[in-house]
Amino acid sequence: MRSFILGTDWGEDCDDVVALRLISRFHKAGKAKLLGVCVNTCNVNTASSVYGLLNTEGMENIAVGVDKSVAHLALDARYQARLAKYAPDKTNDDAEDAVRLYRRLLAESEGKVEIMEIGFLHTLARALQSEGDDISPKTGMELFEEKVEKLWIMGGRYSHQGATEFNFSRYPEACVGANIICKSAPCPITFLGWEIGSQVVTCENITEGDCLYDVLCDWNNGVPTGRESWDPMLCLMAIIGDEQEAGYSAYNATVSVDASTGANYFEIDPSSNRKIVTKSHPDSYYIEMINAIIK
């Protein structure tokens, strides 16, 4: 069974919650193993709300890490207080430092691990650039080279050159982190761009009484409408493990990000171990597939 770590900007949007719901369903079915959740944002309810969602899914033992160094970043977390009620005994003090959790999960893994990143890349970049410590004498680069099979990243915009996208450009830290990961990560990367999920609206089948219904209400000012599905699309592609099988055409390409602006650039290159994707099916194909999993 393939093992995954999820990186998320939990609280910046509600599609992160949908993505964790989706991953949980595969984990419980024995089709994928979630090792931990590393959050690259931080506010008072960050850890408790992640633990809360995991508790509703019967996954209380999943490790959670929070990058407390970015508590200064602006964060609209309308649904976090509600989810935190499902883990009333948890605070950020109960979560590991996110960089340490990345290092620990990689060091302890007997086999290769894949990382799904649906948020900002500064925390992952810090893990990549980390030095040896009490967890492992190996540097982050050495751990990635030895233990990371592949990165799956929701980030960038590949409709035109020099585009900016939220995960790569929202904060100065995000710009720098995206630059580092695109340039230095030693493992293959598949990117799913903003344009892929911008018209794929899921969750309209979620009914009252489901905590995800409440999350959607909180996010949409009391109205339980659906949400664009960038993050669940990335995670589903990663779990399926093959871009074509998941419903995409994949193109090997170099991908770079301007560390000052977050603008991303790409060039088709058959020799590159990076890939960008386009959809092979109508939006309804992805909507139906995701809705069937998360309901």
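A short reminder: the numbers here are calculations on the coordinates, not readings from a lab. The model shown is predicted, which means the values in this text are computed figures rather than measured ones. Backbone-built Cβ (ideal geometry, glycine too); neighbour counts: all protein chains shown.
For T139, enumerate residues with amide H under 5 Å from its amide H, sequence gap 5+ or separate chain, H modeled in the peptide plane.
Those lying under 5 Å, H to H, from T139 are G132.
Label points 7 Å out from Cα along the Cβ direction at D242 and S198: separation in nm?
That separation, rounded to one decimal, is 3.1 nm.
Could you compute the FRET efficiency for D93 and D133, with r as their C-beta to C-beta distance and R0 at 25 Å, rounded to 0.05?
0.80
Contour minus end-to-end for E110 and E208, with contour as 0.36 nm per residue of separation and end-to-end as the Cα-Cα distance?
Once the chain is fully extended between E110 and E208, it gains 31.1 nm.
Would you compute, from DSSP H runs of 4+ residues alone, the mean residue ellipticity of the chain at 222 nm, taking -39500 (n - 2.57) per run and dividing by the full residue count, rounded to the nearest 500?
The helix-only estimate for the chain comes to -10500 deg cm²/dmol at 222 nm.
Take the Cα radius of gyration of the stretch 168-257 and divide it by 2.2 N^0.38 Å, with N its residue count; two decimals is plenty.
So the Cα radius of gyration is 1.34 times the expected 2.2 N^0.38 Å.
Taking the stretch 90-143, which trypsin sites (Lys or Arg not before Pro) meet the DSSP loop condition and have no more than 15 other C-beta atoms within 10 Å?
Those that pass, being in a loop and sparsely packed, are K112.
Largest first and to the nearest Å, give the Cα extent of the chain along each principal axis.
49, 48, 37
I'd like the GluC sites (Glu not before Pro) in the stretch 191-259 restricted to DSSP loop residues with at most 12 other Cβ atoms within 10 Å, sorted by number.
Those satisfying the criteria are E204, E208, E245.
Using a Förster distance of 35 Å, how high is the FRET efficiency between K85 and S284, based on the Cβ-Cβ distance and rounded to 0.05?
0.50
Hey, fewest Cβ within 10 Å first, where do D93, D258, D9 land in order?
Ascending number of Cβ neighbours within 10 Å: D93, D258, D9.
Can you list residues from other chains, or at least 5 along the same chain, whose modelled amide H is less than 5 Å from the amide H of C38?
L6, G7, T8, G65
Once the other residues with Cβ under 11 Å from the Cβ of S280 are scored (Lys, Arg +1; Asp, Glu -1), what is the net sum?
That works out to -1.
Could you pull out the pairs from K31/K112; K33/K147; K147/K275; K68/K90; K33/K112; K28/K112 whose alpha carbons sit more than 18 Å apart here?
Long pairs (Cα-Cα over 18 Å): K147/K275; K28/K112.
Based on Cβ point charges of +1 for Lys and Arg and -1 for Asp and Glu, what charge dipole magnitude is obtained for the stretch 3-294 about its Cα centre, in debye rounded to the nearest 20?
In debye, rounded to 20, the stretch 3-294 gives about 180.
Dividing the alpha-carbon radius of gyration of the stretch 10-102 by 2.2 N^0.38 Å (N being the number of residues), what value is obtained?
Compared with the compact-globule rule of thumb, the stretch 10-102 sits at 1.00.
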